Amino acid sequence: MLIVDNIRLRYGKEPILEGITFSAAPGEVIGLVGANGAGKSSLIEILAAVMPADSGTVKLFDVPIEARIRYLKMIGFVPQSIALTMHLSGRDNLYQWGALKGLSKNQLKAAVERAADLCDLTSFWDKPIYRQSGGMQRRVNLAAGLIGDPKLLLLDEPTAGLDRDSRERIIEAIKKIKNDDVIVVMTNHYEPEQDILADRQYMLNEGVLCERSS
């Protein structure tokens, strides 16, 4: 269970997040929508332990975010920017991420194969990232976040800038991830995709989180 309670964040005197509170269960997808600058990415980065909140608490299966090592072992974070090494192949990128997670040799091989299968990484698997399409780069980026079987997957605009076919492949991968009882929290400008994927949707507006009716 993910429990987010009363998260607040300010930039100088400007309030960005005002008492954000929600929870999510295994296998549940939480969708975050809102205008640019509404604080969606800031909230994702707080949940990813990239940015500290000014106040409030985050717990994942009773592990507080302050227990950083234990917490980080349970999450996967896929930022909006492509967090890959461009001269390495998709395969080598996943092995690199797995090594950073501290997986043993056998665990690493299994984790890479599982992530590659979930994201349907077959074509151009051995080509350098810089020679791959934007859609394939996004899929490898998503797979990197899945290394280590996270209990919480944080996605910031996972289909941004992609054509329809590439977006549909990412959507199918997220559906598979959800079926594995992973908690997913995602931002997305494409509201129809949120409608397809999200069990609950929240709108961020002027730092306040409001649940959207289906």
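The values are calculated or read from the model by the stated rules, or taken from the named source; none is laboratory data. For clarity, every value in this text was computed on a predicted model and none was experimentally measured. Here the Cβ positions follow ideal geometry from the backbone for every residue, glycine too, while neighbour counts run over all protein chains shown.
Out of the residues in the range 164-209 that are within 18 Å of Gly37 (Cα to Cα) and at pLDDT below 90, which is surrounded by the fewest Cβ atoms within 10 Å (Cβ to Cβ)?
Glu206
Can you name the residue in the range 85-95 that is of a type outside the set (S, T, N, Q) and assigned to a helix (DSSP H, G or I) and, of all such residues, is surrounded by the most Cβ atoms within 10 Å (Cβ to Cβ)?
Selected residue: Gly90.
Looking at (1) of a type in the set (D, E, K, R); (2) exposed (fewer than 14 other Cβ atoms within 10 Å of the Cβ); (3) at pLDDT 95 or above, which one does Lys59 not meet, given that it meets all the others?
Condition (2) is where Lys59 drops out.
Criterion first (at pLDDT below 95 and part of a helix (DSSP H, G or I)) does Ile82 satisfy it?
Here the answer is no, as Ile82 does not meet what is asked.
Scan the range 89-123 for residues that are of a type in the set (Asp, Glu) and in contact with a strand residue (DSSP E or B) (Cβ under 7 Å, 6 or more places away or on another chain) and jot them down.
Residues satisfying the conditions do not exist here.
Tell me which residues, restricted to the range 83-100, are of a type in the set (Gly, Ala, Ser) and closer than 12 Å to Asp126 by Cα.
Within the range 83-100, Ser89, Gly90 qualify.
Table: residues versus (1) over 15 Å from the mean Cα position of the chain (by Cα); (2) within 22 Å of Asp181 (Cα to Cα); (3) surrounded by fewer than 17 Cβ atoms within 10 Å (Cβ to Cβ); (4) not hydrophobic (A, V, I, L, M, F, W, C).
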position	(1), (2), (3), (4)
Val29	no, yes, no, no
Leu32	no, yes, no, no
Gly37	yes, no, yes, yes
Ala67	yes, no, yes, no
Arg70	yes, yes, yes, yes
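Considering only residues of the range 129-155 that are among the small types (Gly, Ala, Ser) and crowded, with 16+ Cβ neighbours inside 10 Å, which is nearest to Val185 (Cα to Cα)?
Gly145
Please give the helices (runs of 4 or more DSSP H) falling wholly within the range 96-214 in which 1 or more residues are farther than 23 Å from Ala49 by Cα and free of Cβ contacts under 8 Å to residues at least 24 places away in the same chain.
105-118, 164-179, 191-197
Scan Asp120, Asp126 and give me the residue that is surrounded by fewer than 22 Cβ atoms within 10 Å (Cβ to Cβ), at negative phi and of a type outside the set (Gly, Ala, Ser).
Result: Asp126 is the single residue among Asp120, Asp126 that is surrounded by fewer than 22 Cβ atoms within 10 Å (Cβ to Cβ), at negative phi and of a type outside the set (Gly, Ala, Ser).
Based on this model, can you work out whether Asn106 counts as closer than 12 Å to Gly145 by Cα and out of contact with any Lys or Arg (no Cβ under 9 Å at 6 or more places or on another chain)?
No.
Answer with yes or no whether Phe77 is of a type in the set (Phe, Trp, Tyr) and at pLDDT 90 or above.
yes
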